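Taken together, the values in this text are just the output of simple stated rules run on the coordinates, not laboratory data. Owing to the predicted nature of the structure, the values given are computational and were not obtained by experimental measurement. Backbone-built Cβ (ideal geometry, glycine too); neighbour counts: all protein chains shown.
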Amino acid sequence: MFDFFKNSKPRELETIPKHIGIIMDGNGRWAKKRMQPRVFGHKAGMDALQDITLMSSNIGVKVLTVYAFSTENWSRPEDEVSFIMKLPVDFFDKYVPKLHENNVKIQVMGERDRLPKETLKALEDACQLTKNNTGLILNFALNYGGRAELTKAMKEISEKVSQGILTTEDITEKVISDHLMTSELPEIYRNPDLIIRTSGEIRLSNFLPWQSAYSEFYFTPVFWPDFNQEEFTKALEEYSHRQRRFGKV
Ligand code: FPP
């Protein structure tokens, strides 16, 4: 179906990343280039997200974690924030039925407190509808920030130590991982194998700082709404040639 597969050697097929994290950047600039308001870019970004999710599901990716809104994004103009907060409502009507048909399970991680009620409801409905699906997990990082996640985990762990539920010696990497927001994912797929960032920015911006310790990174100048199947194939191809040694020789 995809050129990547038609021309791939068996080794490349074995190297499909199981968990991919995506920083979907460049929606605003994409819209500006077309002399449209920034929110037009976010709408187009949802189409790109749908295509990449369906392709990921077809090729056997297990988890796709997408950075949809960071804890720092609240400082954007109010009308843009409120537009982004309405996206999950559109998402539920327009995109979820097809994802559900494709056995995709939707999950959300991030601080829920500050999200508007309708946003939360649309997301919860999507999670509820797809909760028994067994295919790809589409994991939205929404109002997510990596440092906030680590701070919360440290507070929870120290609380357990002060209550005598855990001792200091009990604190292992696994215990820390169990207290992060990715603990809702199947344990073997918690950490992304590959992180993609579009739009030419070369940084993580507080996205999965713990979980990305051994991730491969792929940066492309392409703006997120233009990140199509062909661009995704380039990222997968490049990943398939990387050698992951996890600190070994
Ligand atoms: C970054 O582009 C993009 C965002 C902050 C929002 C991305 C959200 C989606 C694509 C849809 C999410 C869907 C749901 C259901 C929540 P930017 O605005 O930073 O672009 P710029 O860097 O060009 O300004």
Exceeding the 24 Å Cα-Cα cut-off - candidates K18/K152; K105/K160; K86/K152; K33/K117; K32/K86; K32/K62: K18/K152; K105/K160; K86/K152; K33/K117; K32/K62
S240, S56, S158 arranged by Cβ crowding within 10 Å, fewest neighbours leading: S158, S240, S56
Inter-probe distance in nm under a simple model that places probes 7 Å from Cα toward Cβ, at M35 and F246: 5.4 nm
Net length gained if the chain between E201 and N58 were fully extended (0.36 nm per residue, minus Cα distance): 48.7 nm
Three-way shape label, segment 110-218, alpha-carbon gyration tensor, a/c 1.5: oblate
Linear extension gain, L129 paired with E238, 0.36 nm per residue minus alpha-carbon span: 35.7 nm
At 1.567 mPa s and 4 °C, Stokes D of the chain from Kirkwood alpha-carbon radius, µm² per second: 68 µm²/s
Kyte-Doolittle at least -1.0, axis length at least 30 Å by Cα - qualifying DSSP helices, the chain: 38-59
DSSP-loop trypsin sites (Lys or Arg not before Pro) across segment 123-159, with at most 12 other Cβ within 10 angstrom: K131
Computed [θ] at 222 nm, helices only, for the chain once each DSSP H run of length n ≥ 4 contributes -39500 (n - 2.57): -13500 deg cm²/dmol
Residues whose placed amide H lies under 5 Å from that of I22, excluding near-sequence neighbours: T65, V66, Y67, I196
Table column - 3J(HN,Hα) (Hz), segment 202-215, Karplus curve with 6.51, -1.76, 1.60, x for Gly and Pro: 10, 7, 8, 6, 6, 9, 6, x, 6, 6, 8, 3, 10, 6
Separation between Cα centres of segment 124-197 and segment 28-85, rounded to whole Å: 23 Å
Gain upon complete extension [A148, K160; 0.36 nm per residue less C-alpha separation]: 2.5 nm
Contact order normalised by residue count of segment 71-226, Cα under 8 Å, 6+ apart, percent: 19 percent
